[in-house]
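Everything on this sheet refers to the single structure shown next.
The values are calculated or read from the model by the stated rules, or taken from the named source; none is laboratory data. Values in this document were obtained by computation on a predicted structure and should not be read as measured data. As a convention, Cβ positions derive from the backbone with ideal geometry for all residues, glycine included, and neighbour counts pool all protein chains shown.
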Amino acid sequence: MSSPTKDAAQPAPQATTTPATKTEKEKEKAKQEKKKVLTKPQGEKWSSSINALLADPEGVEAFRDFLVELENESGEAGEYTRYIDFYLECEEYKARFKKLEDKAKEIFEDYLAEAAHQSVLLQVGADKEVGTGGKSVEIGDKLEDEGLEGVNLFDEPQKKVKKKLADGVYINFCLDIKKKLKL
């Protein structure tokens, strides 16, 4: 009698796996079919400046889709998308770095010094003070004035890539939007 139980147990995982796979495929297909419909306010906003476009996640997605279409037409995979990908990776780096900077300030405030009356003046006596050999004021000043070093590491190449996008395919993207929306 234990044999039928084993046989019954074996098909169950396969049955569970197959619908899950179909569900993933269905989700991907639905995602591809359900492209966001461009609205006139979005088109106007995105075509007003590359900064407005890059500040809007939906705009970035639409722009990247446009770049992929250009690559498909030209047969050169990565010819255009590498620029937007680089720009976005730099933005992600900055966001992560900002979180690290905020965490560094939190650690400083918790363990090294306490701000007196919301001013830049720091005093020894944090809630969880640890010894720093006299470095806490130096660390506090650096965090207050400069933040962590490195957040601007990619600023120059990112500016160049943004300019390249703005002077090139962004113009074509704007023309495409205006054509689609009859602006």
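Annotations for the structure displayed:
- Close pairs from region 164-183: first at negative phi and assigned to a helix (DSSP H, G or I), partner loosely packed, with under 13 Cβ neighbours inside 10 Å and of a type in the set (A, V, I, L, M), Cβ under 8 Å, at least 6 apart: Ile177/Leu183
- The residues in region 126-183 that are basic (Lys, Arg), at pLDDT 65 or above and out of contact with any Ser or Thr (no Cβ under 9 Å at 6 or more places or on another chain) can be counted, and the count is 8.
- Region 59-106, residues that are of a type in the set (A, V, I, L, M, F, W, C) and over 16 Å from the mean Cα position of the chain (by Cα): Phe66, Leu67, Val68, Leu70, Ala77, Ala104
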